[in-house]
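The values are calculated or read from the model by the stated rules, or taken from the named source; none is laboratory data. All of these numbers come straight from a predicted model, not from anything done at the bench. When we count neighbours, we look across all protein chains shown, and the Cβ atoms used for this are built from the backbone with ideal geometry, even at glycine. Heads up: the accessible areas ignore ligands, DNA and RNA and are worked out on the full protein's heavy atoms, side chains in. Shrake-Rupley method; radii C 1.70, N 1.55, O 1.52, S 1.80 Å.
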Amino acid sequence: MITREIQLTAQIAGAPALDDFTVAATEVDGEVLVRTDQVGLAATYLELMRADCTIPVPAWQPGQRVGVAAIGTVIRSDSPELAVGDLVQSMTGWSEYSAGPAAQYIKLDPIADPGYYLGQGPTAYYGMAEVAGVGEGDVVFVSGAAGGVGSLAGQIAKCLGAARVIGSAGSPAKVDYLVNELGYDAAFDYHDGSAADRLRELAPEGISVFFDVVGGEQYQAALRTARPGARFALCGSLSSQLGDAAERFPEPDPAAAQARGVELLPFSCHHTPDQIAAWREHFSTWLGEGRFVYPQTVVKGGIEDVPQAFLSLLQGSYRGNVSVRLS
């Protein structure tokens, strides 16, 4: 089978652009052949496209297919484990078709919206429930709260018993979305004055948990408004995506955190099967109870449209978890 896939033209240094990507025709063959129906997008993919990648997995190389999570339909199978028509998930990336051993595909229960399987829930759940250990009475601040991770993290905190959840976002429309659709207790536009002043206003007794996907000024604001003993789950630094590795992921000052009695808890987004299973179990329960909204943006287009959708995600054009449904 000849398929079209998205490859890196060259590893990215600085701001990404469309000419960093190539649509290439390649041959795929294996025990199972799958038509890709939907691919997931995440801001963390950009780091894997850089020569000085800081994530502890191999960076993508020029001429290599990029992307990770995909949902598809089996169209040919020589395996008793999978039948034609089965819905499967894989880590085969941005390609119209994929093929390989049956073991690389996970059979899924058919559901109304398979995009549920492409979200960043494992990162949000693990960071909020296991790393930060959110529970009854916590006052939680989530930066980048309208994005794929943040839009889930705040809801997870509420479901775990947090007393108050505050989010930051990049526009008045996203602030309204957080409060009126996702159930945040309060939110603010980080362009609207000092983040520290807004946090003092919205959490006068201080925050006890910070879930950070942005870094920069919002991290500093959280540090200045943290209660003694606060836990900071550090997921990323989207405020500094450009520059070299040190600029993209600045090291938090442990002395400043220690002086305020704050515990810094950086964690990886590379998850174990147990972490993924824990998320899916809780997500299914909360969704069934009507306590959870799955925030997502689904872009429709061909495989050649995936790079532009990815760039639009990085520019903050979408809300929630983002995927492309291939047509």
Selection from region 285-319 of residues of a type in the set (Gly, Ala, Ser) and surrounded by 13 or more Cβ atoms within 10 Å (Cβ to Cβ) yields GLY301, ALA309, SER312, GLY316
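Filter region 253-271 down to the residues that are over 30 Å from ALA69 (Cα atoms) and assigned to a loop (DSSP other than H, G, I, E, B), then identify the one that is modelled with the highest pLDDT.
Taking region 253-271 first, the residues over 30 Å from ALA69 (Cα atoms) are 253-263.
From what is left, the residues that are assigned to a loop (DSSP other than H, G, I, E, B) are 253, 260-262.
Numbers: ASP253: 71, ARG260: 84, GLY261: 89, VAL262: 94.
Among those that are over 30 Å from ALA69 (Cα atoms) and assigned to a loop (DSSP other than H, G, I, E, B), it is VAL262.
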Selection count where residues are at pLDDT 90 or above, small (Gly, Ala, Ser) and closer than 16 Å to SER168 by Cα, scope region 227-249: 1
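Pick from region 54-92 the residues that are in a loop (DSSP other than H, G, I, E, B) and in contact (Cβ under 8 Å) with a residue 60 or more places away in the chain: which of them is most open to solvent (accessible area, probe 1.4 Å)? Don't jump to the end; show me each part of the working.
Initially, region 54-92 is screened for residues in a loop (DSSP other than H, G, I, E, B), giving 54-61, 63-64, 66-69, 78-86, 91-92.
With in contact (Cβ under 8 Å) with a residue 60 or more places away in the chain added as a condition, the list becomes 54-57, 66-67.
Working: THR54: 64, ILE55: 51, PRO56: 115, VAL57: 49, VAL66: 0, GLY67: 9 Å².
The residue in question is PRO56.
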Are any of the residues in region 120-137 out of contact with any Ser or Thr (no Cβ under 7 Å at 6 or more places or on another chain), open to solvent by 20 Å² or more (accessible area, probe 1.4 Å) and among the aromatic types (Phe, Trp, Tyr)? yes
A careful count of residues in region 104-132 that are under 13 Å from the mean Cα position of the chain (by Cα), among the small types (Gly, Ala, Ser) and over 17 Å from TRP286 (Cα atoms) gives 1
Give the number of residues within region 35-53 that are touching a strand residue (DSSP E or B) at 6+ places or on another chain (Cβ under 9 Å), of a type in the set (D, E, K, R) and open to solvent by less than 30 Å² (accessible area, probe 1.4 Å). 1
Pair list, Cβ under 6 Å, 6 or more apart: region 180-199 residue without any contact (Cβ under 8 Å) to a residue 60 or more places away in the chain, other residue charged (D, E, K, R): ASP185/ARG164; PHE188/ARG198; ALA195/GLU217; ALA196/ARG224
Looking only at residues in region 202-213 that are touching a residue at least 24 places away in the same chain (Cβ under 8 Å) and open to solvent by 20 Å² or more (accessible area, probe 1.4 Å), which one is nearest to VAL142 (Cα to Cα)? LEU202
Just checking, which of LEU160, LEU199 is open to solvent by less than 20 Å² (accessible area, probe 1.4 Å) and either farther than 20 Å from GLY290 by Cα or aliphatic (A, V, I, L, M) (or both)? LEU199
